[in-house]
Amino acid sequence: MYIFAGIRKKRAINSYINRLGRDLAKRYGKSKEYTPGQVVKTVHDCGYNWRHICYAHALYVSHKQFDKWHEEQGETCDYFAMREEISQSHFGGSIGAMASSDLSGGSEIGFTDGGGASE
């Protein structure tokens, strides 16, 4: 059962990387970041896998907004650990490659919130 859960998670992250950015850009314009609400609405409306939405937030929401949203939800997801996991499984271990990837058809993924780098 655990093997299938891992496969579903990887597929969900693949869909966030390959399609969600474009859907966000179509709905809200190209941007380096989106709000958690925009990500939630797009994931829901477009039928993406909801179970792994934290990874969508790690890709498209600023660190500050990510932490705020997760605190409000009563969750304790780690922004940097999730981005590291995404970089390992989808970008050959390079957070820099992930940070400069064009995932929304024109924007860059990778944020700074004034208090630290995205890596």
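The values are calculated or read from the model by the stated rules, or taken from the named source; none is laboratory data. Treat the numbers as computed from the prediction; the structure is a model and nothing was measured. Every residue, glycine among them, receives a Cβ derived from its backbone with ideal geometry; neighbour counts consider all protein chains shown.
When you check I7 against the structure, is it within 10 Å of the chain's Cα centre (by Cα) and either of a type in the set (A, V, I, L, M) or closer than 21 Å to F91 by Cα (or both), yes or no? Judged against the criteria, I7 is not a match. Of all residues in segment 45-92, those being of a type outside the set (S, T, Y) and farther than 15 Å from I13 by Cα number 17.
Just so you know, in segment 81-102 the residues that are surrounded by fewer than 16 Cβ atoms within 10 Å (Cβ to Cβ) and among the hydrophobic types (A, V, I, L, M, F, W, C) include one that is modelled with the lowest pLDDT, and it is A97.
Within segment 21-36, the set of residues being basic (K, R) and free of Cβ contacts under 8 Å to residues at least 40 places away in the same chain comprises K26, R27.
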